[in-house]
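Below is one structure, written out as structure tokens; the observations come after it.
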Amino acid sequence: MGRRLRLDLATGGIVLFAILVAAGIIPLVMAARVKVRSLRILSLLLGLFAVVHGFYHLASGFQQDLLADAVFEPISLLLLIGLGAYYSKVGVV
């Protein structure tokens, strides 16, 4: 049962990682193509948040709790707070 649980956690981490990276690619591509500076920054922050949060789930799925909790979670949180702060500053263009 322990092996099956480990495999399920790893599979869940891989699936969540793939979903979040796929979701993060869209705003990152948009950030590269859009000309409006504020929209570019918002898209970049959102895309980076999604990708870093995907790495958090990947590390957590492989039971790398130190890496997940000490590295990826704080970076993810800072990106999300930065996104919210920047959005509240510039609003919708």
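The values are calculated or read from the model by the stated rules, or taken from the named source; none is laboratory data. Note that this is a predicted model, so its numbers are computed, not measured. So basically every Cβ, Gly included, is an ideal-geometry build from the backbone, and we count neighbours across all protein chains shown. With ligands, DNA and RNA removed, areas are computed over all heavy atoms of the protein, side chains included. Shrake-Rupley method; radii C 1.70, N 1.55, O 1.52, S 1.80 Å.
Restricting to the stretch 27-39, what's the tally of residues that are β-branched (Val, Ile, Thr), open to solvent by 60 Å² or more (accessible area, probe 1.4 Å) and either under 11 Å from the mean Cα position of the chain (by Cα) or within 23 Å of Lys89 (Cβ to Cβ) (or both)? Before the answer, list the steps.
The first filter runs over the stretch 27-39 and keeps only residues β-branched (Val, Ile, Thr), leaving 29, 34, 36.
From the residues that got through so far, the ones that are open to solvent by 60 Å² or more (accessible area, probe 1.4 Å) too are 29, 36.
Cutting the leftovers down to either under 11 Å from the mean Cα position of the chain (by Cα) or within 23 Å of Lys89 (Cβ to Cβ) (or both) gives us 36.
So the count comes out to 1.
From Ala50, Ala70, which residue is aliphatic (A, V, I, L, M), more than 13 Å from the chain's Cα centre (by Cα), at pLDDT 95 or above and open to solvent by less than 80 Å² (accessible area, probe 1.4 Å)? So that I can check it myself, show each step before the final result.
Working: Ala50 fails: more than 13 Å from the chain's Cα centre (by Cα).
Testing whether each residue is aliphatic (A, V, I, L, M), more than 13 Å from the chain's Cα centre (by Cα), at pLDDT 95 or above and open to solvent by less than 80 Å² (accessible area, probe 1.4 Å) leaves just Ala70.
Scan the stretch 44-71 for residues that are aromatic (Phe, Trp, Tyr), assigned to a helix (DSSP H, G or I) and under 15 Å from Ile14 (Cβ atoms) and jot them down.
Taking the stretch 44-71 as the starting set, the residues that turn out to be aromatic (Phe, Trp, Tyr) are 49, 55-56, 62.
Filter once more, so that each one left must be assigned to a helix (DSSP H, G or I): 49, 55-56.
Matches in the stretch 44-71: Phe55, Tyr56.
Would you point out the residue of the stretch 73-93, among those that are of a type in the set (Val, Ile, Thr), assigned to a helix (DSSP H, G or I) and free of Cβ contacts under 8 Å to residues at least 40 places away in the same chain, that is surrounded by the fewest Cβ atoms within 10 Å (Cβ to Cβ)? Explain how you work it out, then say what you get.
Start the filter on the stretch 73-93 by keeping residues that are of a type in the set (Val, Ile, Thr), which leaves 75, 81, 90, 92-93.
Add one more test, that the residue is assigned to a helix (DSSP H, G or I), and what stays is 75, 81, 90.
Keeping just the survivors that are free of Cβ contacts under 8 Å to residues at least 40 places away in the same chain gives 75, 81.
Details: Ile75: 15, Ile81: 12.
The residue in question is Ile81.
Cβ contacts < 7 Å: first residue under 18 Å from Ser60 (Cα atoms), restricted to the stretch 18-35; second residue among the β-branched types (Val, Ile, Thr) and surrounded by 16 or more Cβ atoms within 10 Å (Cβ to Cβ), any location; separation 6+ or different chain. Result?
Leu20/Val51; Val21/Val51
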